[in-house]
Amino acid sequence: MAVMKGFYSESEVSSGVHRRSGHRRSVLRRMRVLSGLLAGMCFLITAGMIVGALFVSCDTRIRLLFLAGSYLVTGVIFLLLRLLFARRAEARHSSGRRGTHSESGRRGSVLVMVLVLVTLAALLVTESQVIAALRMRLEGARLRNACLRAALTDSALRAIERLGRDRDFTVDYIGEEWGRTVETTRQDGVAVFLKLEDENRRFDVNNIFVAGGVPNGRPAAEIVQDIMTVCGDFTPITRVQALRDWVDPDEEGFRESDFYRDHGAGYGCRNRWLACWPELLLVDGFSRDYFRPRPRRAVVDPFHGRLLECLALIPGGRTRPVAVNVNTAGRDVLTGVFGLENAQIAEYIVNFRRDHPLASLAPLTPVVPERLMKRVRPYLAVRSEFFSIRARASREGAALGLRALLRRKDGGGVQVLQWVMM
Ligand SMILES: [Ca+2]
Ligand SMILES: [Ca+2]
């Protein structure tokens, strides 16, 4: 000061000191606000992680709580720094121009450095924790997936074994051991639900594809049309025509390849049997909504069948139709096969088989006219040839499904046609 008095007046020196002091108070105020904000953010993240931990699996919860603890400590450090800055600013305000500016400046710089270093350290710790948690989660998911796959495969193979041990391969009916639903929890904690059903209880859409048609038999397209009507579609003719054009080998019809190209579909008719349900959705008139159950029109509604319960899709070309098992088929399917005007025959079969599974079609002779029997005989059987497995395995919120299509030969050997895990 003594030196400065030689060059500046006392008021000029005083004004400069005020400016520097005001500037440092401003810096301290900003640091206080910044550390307060960072502390608040850390506490918010901590709270979010604690809430999130309530809805996740046990091992993920532990990792989340550990991360939440790191954020909590970081938040407390920021809070302490905020208090320190507040005290420094208050002390500077009360001391006014007095005090040692250079010393305070150095302390302020040290505090800023400490703040930056603490922030960087917290970020590094958090990053390493997140990466470690993600790796553990990935490994955990792989292990869980392997357990689910093993459980599904094991359960499905047991079900196939049961199917191959059927006491009578010439007759299949509701309530046989192979049709028992499996619902169990294994020792490794995996819950399994498995249902094995015969596909012959429904009418196979690919019967339309039978090469050369069914001699003297009812056209399969006509049966599909009646089933659609029983399921509440009162204008099925165009859809069935589109289905026929899709699978028949020629390109002559109203819904052949030209139709799809003219409508910008980007594909043409396959002119062969349907391979899967998604392919059926490509055919004009079919959509996911079409297969959804329709609301009842009355308490007793004879046209309230469910299409997915009435139609099957067994891929592959064939020279004879896949028959419907009269022992397991629903009333709506039987009505479709015998014709809408013969609904009483379906009713008779459903009542008859309650006490006596049909070992042959002979018991139908009194109720089915001979001419009609000749027409529908190729579509009827008392045993099932195709079966499907629907299974689901779950553990700790993770789940895996299995769809399989099986073919059981006359001697009991079971062939797996499709095996899809999803
Ligand atoms: Ca059987
Ligand atoms: Ca065609």
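For this structure, a couple of remarks:
- In sequence order, calculated HN-Hα J values of region 208-214 (Karplus, 6.51, -1.76, 1.60; Hz; x Gly/Pro): 4, 7, 3, 4, x, x, 9
- From most to least packed by mean Cβ count within 10 Å, the peptides 312-322, 241-251 give 241-251, 312-322.
- To the nearest ten degrees, helix 101-164 and the longest principal axis of the Cα atoms of the chain are 10 degrees apart.
- Residue 90 versus residue 290: modelled label distance in nm, points set 7 Å from Cα along the beta carbon direction: 7.8 nm
- With the simple model of a label 7 Å out from the Cα in the direction of the Cβ, residue 83 to residue 300 spans 8.1 nm.
- Cβ-derived FRET efficiency at R0 25 Å, residue 235 paired with residue 409, nearest 0.05: 0.05
- Spin-label model, residue 276 to residue 309: label points 7 Å out along the Cα-to-beta-carbon direction sit 2.6 nm apart.
- Working ranking of peptides 258-268, 154-164, 168-178 by packing, defined as the average number of other Cβ atoms within 10 Å per residue, highest first, is 154-164, 168-178, 258-268.
- Degrees, to the nearest 10: 343-352 long Cα axis against longest axis of the chain: 80 degrees
- Order of 377, 142, 218 - criterion: other Cβ atoms within 10 Å of each residue's Cβ, fewest first: 142, 377, 218
- A Förster distance of 35 Å, applied to the separation of the beta-carbon atoms of residue 390 and residue 365, puts the FRET efficiency at 0.45.
Laboratory data are not the source of any read-out in this text; all were calculated from the coordinates shown. Here the structure is a predicted model, which means the values were calculated and not measured. Glycine also receives a Cβ, built like all others from the backbone with ideal geometry; neighbour counts cover every protein chain displayed.
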